[in-house]
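These notes concern the structure reproduced below.
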Number of protein chains: 2
Amino acid sequence: METIQYNLPQDRIPRVWYNILPDLPSPLAPPLHPGTHQPLGPEDLAPLFPMSLILQEVSAEREIEIPEEVRQIYAQWRPSPLIRARRLEKALDTPAHIYYKYEGVSPAGSHKLNTAVPQAFYNKKAGTKRLSTETGAGQWGSALSMACSFLGLECKVYMVRVSYDQKPYRRALMEAFGASVTASPSTETESGRAILAEHPNSNGSLGIAISEAVEVAAKDPNTKYALGSVLNHVLLHQTVIGQEAIEQMALAGDEPDVIIGCTGGGSNFAGLVMPYLGRKIKGQCQARVVAVEPAACPSLTKGRFTYDFGDTAHLTPLVKMHTLGSTFIPPGIHAGGLRYHGMAPLVSHVLDLGLAEAVTVQQLDAFAAGIQFARAEGIIPAPEANHAVAQAIAEALRARAEGKPRTILFNLSGHGYFDMQSYIAYHAGTLENYEYPEEEIAMALAGLPSVE
Amino acid sequence: METIQYNLPQDRIPRVWYNILPDLPSPLAPPLHPGTHQPLGPEDLAPLFPMSLILQEVSAEREIEIPEEVRQIYAQWRPSPLIRARRLEKALDTPAHIYYKYEGVSPAGSHKLNTAVPQAFYNKKAGTKRLSTETGAGQWGSALSMACSFLGLECKVYMVRVSYDQKPYRRALMEAFGASVTASPSTETESGRAILAEHPNSNGSLGIAISEAVEVAAKDPNTKYALGSVLNHVLLHQTVIGQEAIEQMALAGDEPDVIIGCTGGGSNFAGLVMPYLGRKIKGQCQARVVAVEPAACPSLTKGRFTYDFGDTAHLTPLVKMHTLGSTFIPPGIHAGGLRYHGMAPLVSHVLDLGLAEAVTVQQLDAFAAGIQFARAEGIIPAPEANHAVAQAIAEALRARAEGKPRTILFNLSGHGYFDMQSYIAYHAGTLENYEYPEEEIAMALAGLPSVE
């Protein structure tokens, strides 16, 4: 029998998160205070995050120990499977080997639980009573709701309006875990009311929802804020994915030639690739590393690498990242988790260093790839993950055209069982591609803050 | 770290299905021809099933080898995890150990893929071009659609009307795999048209949908019929669950005192318990074995153990089973997979022999248990599986009240990610309990065929 799943036992759950910062050939640009434009100190972030997470954000330690309580919760679904897509390989008639790391086995259905659990854990330990957050497609909100339910915290979720309307079941899932879910922009916050005054029918965006969640946390001493991507500590928690993948690829006796992840804020991509990039920096890995973003929201391929706000209302620090401008509202593509104007500073930085490359995929191509994958492998990918699938299939077809073997590894970051409305729309022919929204992005970029 | 998952490597996927028939203290009553009331011969079933499956239906072999091609497909998700529900134990403050065998990790989301794959495999080998089937909640239809996609067969699904309307995403999933899905009763068949003539607004039932799917297969030589439960060969394929569980419980160093599964047609229950009952017959297992059915459709606890038809239009053979009468249309509970008037003959027989017992659970209690489970364990169970969860929690609370340890094992047969509408209704307070529909059942029982 051919091996399909390369699984590790529970005691192989990583004991540390891998922090690439000390291994980088040049340091990250520091986050700046939005008012003074001076580098932030830890105390500037204290209203939003517990000190343990702030220290992880700026840590210079290569390895950060995973608390035993967090590993204990990870043990319900980790190590996640590495699966060889043998039926897809046959369907594509390719000499390539295709592997996917499947994060959809988490009870939340995506990689997001990898960071939701430690964030809830450190907050609980610091005495936080409630976490506020944003969610786009709902993967992050579901994961944080679940983690809060496990750890005994309240959870307040601002859900981007377009997803709130498209995905009632996603909301029901969060509510099943006891979370309070509000469509964003909402009338509950100043940020939300300001947007609604100008755009009463606003679809919302991750940038707006972040403003609302941050505002609520800043104003209530019992509430802290939790972010599902972008920040260093969030990406750090995801490195369990890549560490496991390295061990599992060794089990498979294979070495990836190309490593692929979709990118919205950058966390599932970073989780898979950072442990590999650490090796690449040391000359121990030659793989190409490819970030895949939607053509409608191309921050890595068309954005500027500069300081910008993380949110629309400009409540967050300034961070240096690939950005389309914080006032840019991306088109309402179904991959809601990729509708973000910016990109994790760390992902932006490794791209700038030439350690990774970026490509775009159109919405219809992403769904076509998702269906092709599902018919061979059985799993319906989340619309976000379809972008990674499309690139993996493109690489496999290139290998066939060139008649060369190639080992492809991609992150199947989540399943699409809560995204079936988008598949219905795809089958009905009502989904469309979006042209690169040139004018809107130019306007948003023109409004970038000027930082010396 | 406490162990949460008891996992087996890929090479521990069972090599055989366990057939309990030769171990039973008394034989099953034979199926009878619906016209002559004489025992059926294999050739009588040939229009509906390939001969390989017919021979499995009546096999006297204790072990039936699983084809390597089937094991190869199983390898994508099998062996499925056995999980110790430690957070639920803590939440219940019980001395009981609670384990669940989680079949929701299959890409189809339930145990149904365990039999869909071999059924598609044997049909493909026999030259079948298309499979027709019924589905209630959609778990079976999804699994067969996926298996047909893997093996290269067409798939035609008659989906019970009430589920078709309640669960558009379930239908979208089947269509993503290329299946053709029709609401039942439909105008496509004589059986469907006859029902619609009498009940133009019929909600449908599994019995009606079976009639439609059987009729289509009987009339088209290129089409065979596939059933998701009830028949011996279907239950046989599910015994991979119990065989794995026995090995995993040994890994856990624990022995179940009570083994629980929900019952609609009986297949997930049988899959878990038959390997244990084989041991119980030999005196090697003392566990209580409990079937849990919905109060609204109580075939085991309130039905008659007698010959009846498997479908509403009386196209199937007569089988001896616990039945509420083939004309009984169960109330529209959300556990659509449990809305069946009958019960697998094999499950009926082991109950009759005293090897297992049966209890009922009301709809609201089932959902309350599902939410309690989800908040502790993260997984939202399918509404069907909630019945098993409710009984597992009841056993754990009894252990607490008695101050006694107890080891509980139940089958979490599927996740509820396509059933969120029922959770929305539960939270909105619009779900209701159903009284035992005494009059309707009495009428249906009065119409039972008389068999000498």
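Worth a mention:
- Residues satisfying the stated conditions in segment A:417-452, i.e. within 14 Å of chain B (Cβ to nearest Cβ) and either of a type in the set (A, V, I, L, M) or farther than 19 Å from B:GLY138 by Cβ (or both): A:MET420, A:ILE424, A:ALA425, A:TYR426, A:ALA428, A:GLY429, A:THR430, A:LEU431
- Among all residues of segment A:246-267, there is none that is within 14 Å of chain B (Cβ to nearest Cβ), of a type outside the set (A, V, I, L, M) and on the phi > 0 side of the Ramachandran plot.
- For the residues A:GLU357, A:GLU377, A:GLU402, the requirement of being free of Cβ contacts under 8 Å to residues at least 24 places away in the same chain, among the acidic types (Asp, Glu) and either within 14 Å of another protein chain (Cβ to nearest Cβ) or more than 29 Å from A:TRP77 (Cα to Cα) (or both) singles out A:GLU402.
Residues are listed down the side, and each one gets a yes or a no for (1) within 30 Å of A:TYR169 (Cβ to Cβ); (2) part of a loop (DSSP other than H, G, I, E, B); (3) touching a strand residue (DSSP E or B) at 6+ places or on another chain (Cβ under 7 Å); (4) modelled with pLDDT of 95 or more:
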position: B:THR301; (1), (2), (3), (4): no, no, yes, yes
position: B:PHE305; (1), (2), (3), (4): no, no, yes, yes
position: B:ASP311; (1), (2), (3), (4): no, yes, no, no
position: B:HIS322; (1), (2), (3), (4): no, no, yes, yes
position: B:LEU346; (1), (2), (3), (4): no, no, no, yes
position: B:ALA368; (1), (2), (3), (4): yes, no, no, yes
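- Of all residues in segment B:70-110, those satisfying the criterion of being more than 9 Å from chain A (Cβ to nearest Cβ), touching a Lys or Arg at 6+ places or on another chain (Cβ under 9 Å) and open to solvent by 10 Å² or more (accessible area, probe 1.4 Å) are B:PRO79, B:ALA91, B:ASP93, B:THR94, B:PRO95, B:HIS97.
- Some residue of segment B:344-352 being within 28 Å of A:TYR74 (Cβ to Cβ) and either open to solvent by less than 20 Å² (accessible area, probe 1.4 Å) or among the polar types (S, T, N, Q) (or both): no
- Subset of segment B:326-356 [of a type outside the set (S, T, N, Q) and touching a Phe, Trp or Tyr at 6+ places or on another chain (Cβ under 7 Å)]: B:PRO331, B:ILE333, B:HIS341, B:VAL347, B:ASP352
- Just one of (1) at pLDDT below 90; (2) open to solvent by less than 70 Å² (accessible area, probe 1.4 Å) fails for A:PHE418. It is (1).
- Which listed residue is small (Gly, Ala, Ser), closer than 21 Å to A:SER145 by Cβ, within 14 Å of another protein chain (Cβ to nearest Cβ) and without any contact (Cβ under 8 Å) to a residue 40 or more places away in the chain, from A:ALA172, A:ALA183: A:ALA172
- Pairs linking a residue in segment B:150-163 that is within 14 Å of chain A (Cβ to nearest Cβ) and without any contact (Cβ under 8 Å) to a residue 40 or more places away in the chain to a residue that is assigned to a strand (DSSP E or B) and open to solvent by 20 Å² or more (accessible area, probe 1.4 Å), with Cβ atoms under 6 Å and 6 or more positions apart or on different chains, are B:GLU154/B:ARG130.
- Answer from B:THR182, B:THR133 - the residue that is of a type in the set (S, T, N, Q), modelled with pLDDT of 95 or more, open to solvent by 10 Å² or more (accessible area, probe 1.4 Å) and under 23 Å from B:SER326 (Cβ atoms): B:THR182
- Among residues of segment A:61-90 that are free of Cβ contacts under 8 Å to residues at least 12 places away in the same chain, those with a Cβ under 6 angstrom from a residue that is surrounded by fewer than 20 Cβ atoms within 10 Å (Cβ to Cβ) and in a loop (DSSP other than H, G, I, E, B), sequence gap 6+ or separate chain, pair up as A:GLN72/B:MET1.
- Of the candidates A:GLU255, A:GLU293, the single residue that is assigned to a loop (DSSP other than H, G, I, E, B) and at pLDDT 95 or above is A:GLU255.
- Of all residues in segment B:1-47 being in a strand (DSSP E or B) and either of a type in the set (A, V, I, L, M) or out of contact with any helix residue (DSSP H, G or I) (no Cβ under 7 Å at 6 or more places or on another chain) (or both), the one that is farthest from B:LYS320 (Cα to Cα): B:VAL16
- Of the residues making up segment B:249-286, those that are touching a helix residue (DSSP H, G or I) at 6+ places or on another chain (Cβ under 6 Å) and closer than 17 Å to B:ALA396 by Cβ are B:VAL258, B:ILE259, B:ILE260, B:GLY261, B:CYS262.
- Test: residue in segment A:116-124 that is within 14 Å of another protein chain (Cβ to nearest Cβ), small (Gly, Ala, Ser), touching a Gly at 6+ places or on another chain (Cβ under 7 Å) and within 21 Å of A:ASN222 (Cα to Cα): no
- Among the residues of segment B:359-372, those identified as open to solvent by less than 30 Å² (accessible area, probe 1.4 Å) and not aromatic (Phe, Trp, Tyr) are B:VAL361, B:GLN363, B:ALA366, B:ALA369, B:GLY370, B:ILE371.
- Hits in segment B:111-121 (condition: in a helix (DSSP H, G or I) and buried (at least 24 other Cβ atoms within 10 Å of the Cβ)): B:LEU113, B:ASN114, B:THR115, B:ALA116, B:VAL117, B:PRO118, B:GLN119, B:ALA120
- For first residues located in segment B:1-29 and within 14 Å of another protein chain (Cβ to nearest Cβ), partners that are surrounded by 14 or more Cβ atoms within 10 Å (Cβ to Cβ) and among the aromatic types (Phe, Trp, Tyr) and lie 6+ apart or on another chain with Cβ distances below 6 Å form the pairs B:ILE13/B:TYR74.
- Sole residue being free of Cβ contacts under 8 Å to residues at least 40 places away in the same chain and small (Gly, Ala, Ser), chosen from B:GLY138, B:GLY127: B:GLY127
- Residue list for segment A:373-412, filter: surrounded by fewer than 19 Cβ atoms within 10 Å (Cβ to Cβ) and under 23 Å from the mean Cα position of the chain (by Cα): A:ALA394
- Residue among B:ILE408, B:ILE441 that is touching a strand residue (DSSP E or B) at 6+ places or on another chain (Cβ under 8 Å), hydrophobic (A, V, I, L, M, F, W, C) and over 30 Å from A:MET420 (Cβ atoms): B:ILE408
The values are calculated or read from the model by the stated rules, or taken from the named source; none is laboratory data. All values reported here derive from a predicted model rather than from experimental measurement. Neighbour counts are summed over all protein chains in view; Cβ atoms, including those assigned to glycine, are modelled from backbone coordinates with ideal geometry. The area values use the complete protein model at the heavy-atom level, side chains included, leaving out ligands, DNA and RNA. Shrake-Rupley method; radii C 1.70, N 1.55, O 1.52, S 1.80 Å.
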